[in-house]
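All remarks here apply to the structure that follows.
The values are calculated or read from the model by the stated rules, or taken from the named source; none is laboratory data. For clarity, every value in this text was computed on a predicted model and none was experimentally measured. Here the Cβ is made from the backbone with ideal geometry for all residues, glycine too, and neighbour counts use every protein chain on show. Surface accessibility is based on the protein's heavy atoms, side chains included, excluding ligands, DNA and RNA. Shrake-Rupley method; radii C 1.70, N 1.55, O 1.52, S 1.80 Å.
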Amino acid sequence: MAAPVALVFDSGLGGLTVFREIRAGAPGARLVYLADNAVFPYGGLAPEALVARVNDVLDAAIARWRPDIVVIACNTASTLVLPHLRSRHDIPFVGTVPAVKPAAAASRSRMISVLATPGTVARDYTRELVRDYAGDCDVALVGSRHLATLAERAMAGEAVADADIAAEIAPCFRVSGDGARRTDVVALACTHYPLLLERLRALAPWPVTWVDPAPAIARRTLYLLEQAGFRPELVSAEVPPPVAAFTGASPAPPLAAWLRDQGFAACMPAPALAPAAERRWGRA
């Protein structure tokens, strides 16, 4: 049995949190990580431009690697692009959505926060999740403008001040008017944020449960691979180590070293876009 190919895609490095969980659960799969860092962050793109960009990048990637499954490890992209991708390609796609349901299930105080990018906070889909799964909770939708970028900088080896991180998470921590209740669960609704999880815990004004979406995304991915017949024990050949590809600049030396330590075989440029897409995006 040949090893299946799983492609994990994000605008930057956040999807590495999902990649790590998938690799742990499916050591027999061939894994590719693709970061569209040329246009990071996606929050700066208008919705129609974001859809076009993801379609263009993934059209080229799917033609190059012929994956058996694609994981969109990005909340911002998932809420907009999944229907388009599923209509264009006859392979399964796994998306990422704000973990409102598990956050509500874990809360005792019934005060939760959803920490996301401004784009994810603004989506009707996010508000529908709150309505459907957290109707009895006091929910704060917190749109962080800088936390994903701070995570990218930290992964690249840059110094990121505690005060900058603390300022981004401060709105998540609320106390009820009578002082009897306070936030006890924060859903991390951007895959970048768990990259900073230890610092989030250290900088929180009081302990909370941080809900990382990566394990649930990985479980869904592994389930779909199993449904397609994948059995790790039946893989017939040695599986090559994973590769990481980037649409923009190559990783800085500290990040490249970290990727090697994580077992990546190589960092490489992403596949070239189709000519029309290249003209559309220029050097981006």
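Scanning segment 209-229 for residues that are in contact (Cβ under 8 Å) with a residue 40 or more places away in the chain and within 29 Å of Gly157 (Cβ to Cβ) yields Val211, Asp212, Pro213, Ala214, Pro215, Ile217, Ala218.
Okay, residues lined up against (1) over 19 Å from Ser78 (Cα atoms); (2) of a type in the set (Ser, Thr, Tyr); (3) open to solvent by less than 30 Å² (accessible area, probe 1.4 Å):
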| residue | (1), (2), (3) |
| --- | --- |
| Arg108 | yes, no, no |
| Met111 | yes, no, yes |
| Val121 | no, no, yes |
| Gly135 | yes, no, no |
| Ala151 | yes, no, yes |
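Which of the residues belonging to segment 149-177 are within 22 Å of Thr209 (Cα to Cα) and modelled with pLDDT under 95? Spell out how you get there, then give the answer.
At the first step, the residues of segment 149-177 found to be within 22 Å of Thr209 (Cα to Cα) are 150-151, 162-177.
Listed by number, the residues that qualify are Ser176, Gly177.
For segment 153-185, residues that are touching a strand residue (DSSP E or B) at 6+ places or on another chain (Cβ under 7 Å) and not in a loop (DSSP other than H, G, I, E, B) total 6.
Do you know which residues across segment 28-48 are open to solvent by 30 Å² or more (accessible area, probe 1.4 Å) and either part of a loop (DSSP other than H, G, I, E, B) or within 24 Å of Ser87 (Cα to Cα) (or both)? Write out each step before concluding.
As a first pass, look at segment 28-48 and keep what is open to solvent by 30 Å² or more (accessible area, probe 1.4 Å): 30, 37-38, 40-41, 43-48.
Within segment 28-48, Phe40, Pro41, Gly43, Leu45, Ala46, Pro47, Glu48 meet the criteria.
Does segment 236-261 hold any residues that are in contact (Cβ under 8 Å) with a residue 24 or more places away in the chain and either open to solvent by less than 30 Å² (accessible area, probe 1.4 Å) or closer than 19 Å to Ser11 by Cβ (or both), and which are they?
Those that are in contact (Cβ under 8 Å) with a residue 24 or more places away in the chain and either open to solvent by less than 30 Å² (accessible area, probe 1.4 Å) or closer than 19 Å to Ser11 by Cβ (or both): Pro242, Val243, Ala244, Ala245, Phe246, Thr247, Gly248, Ala249, Pro251, Ala252, Leu255, Trp258.
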